[in-house]
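To start, the structure under review is shown below, and the notes come after it.
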Amino acid sequence: MPKKSTIARVAAAGAVAVGLASVAMTPAAHATDNSPCGAKFHHAGTTVQYCKLWRGNVPVLNSSWTKVGTLVDGGSANWFECQAKGGEYTYQGDKNDWWAYTEADNGKWGWVSEVFFSGGNNNERDAGLRLC
């Protein structure tokens, strides 16, 4: 993972907030997330956490909702830097307006809808992943 400055990460989080939707006050996560992201660790100059996905071939999008890459493997194979609230994404009847920032398998950075995260309810943030 390439080093990203704090300014770049903040700018990326701001792009999600502006590009995906306006951000309101964030409520605390509900206790229904039975599969929160794991412990924080340092990787290539930033803090990341492994988060379990319930399927593979998950799209990674930029702030304009354009696909920039894919996370091929599901399960606990993927790490994420942080999460931010954005526009609602729907997949097979489930929906979520929380997004997690990560590096796709092709090396491009973008956002994954937490609709693909294991555990939790619709429009609920991950109980363990830090906020952007």
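Residues of segment 38-70 being over 13 Å from the mean Cα position of the chain (by Cα), basic (Lys, Arg) and closer than 21 Å to Gly86 by Cβ, which ones?
Arg55, Lys67
Is it the case that segment 89-97 has a residue that's in contact with a Gly (Cβ under 9 Å, 6 or more places away or on another chain) and modelled with pLDDT of 95 or more?
yes
Residue under question is Glu88, and the condition is that it be under 19 Å from Leu129 (Cα atoms) and surrounded by fewer than 16 Cβ atoms within 10 Å (Cβ to Cβ); does it hold?
Yes: the conditions hold for Glu88.
Could you check segment 37-63 and list, in sequence order, the residues that are touching a residue at least 40 places away in the same chain (Cβ under 8 Å), outside any strand (DSSP E or B), of a type outside the set (Phe, Trp, Tyr) and surrounded by 12 or more Cβ atoms within 10 Å (Cβ to Cβ)?
Within segment 37-63, Cys37, Gly38, Arg55, Asn62, Ser63 meet the criteria.
Given the condition in contact with a Gly (Cβ under 6 Å, 6 or more places away or on another chain) and surrounded by fewer than 18 Cβ atoms within 10 Å (Cβ to Cβ), answer yes or no: does some residue in segment 112-121 qualify?
There is no residue in segment 112-121 that is in contact with a Gly (Cβ under 6 Å, 6 or more places away or on another chain) and surrounded by fewer than 18 Cβ atoms within 10 Å (Cβ to Cβ).
The values are calculated or read from the model by the stated rules, or taken from the named source; none is laboratory data. Computed from a predicted model, the values in this text were never measured in an experiment. A quick note on method: Cβ atoms are made from the backbone with ideal geometry, for glycine too, and the neighbour counts reach across all protein chains shown.
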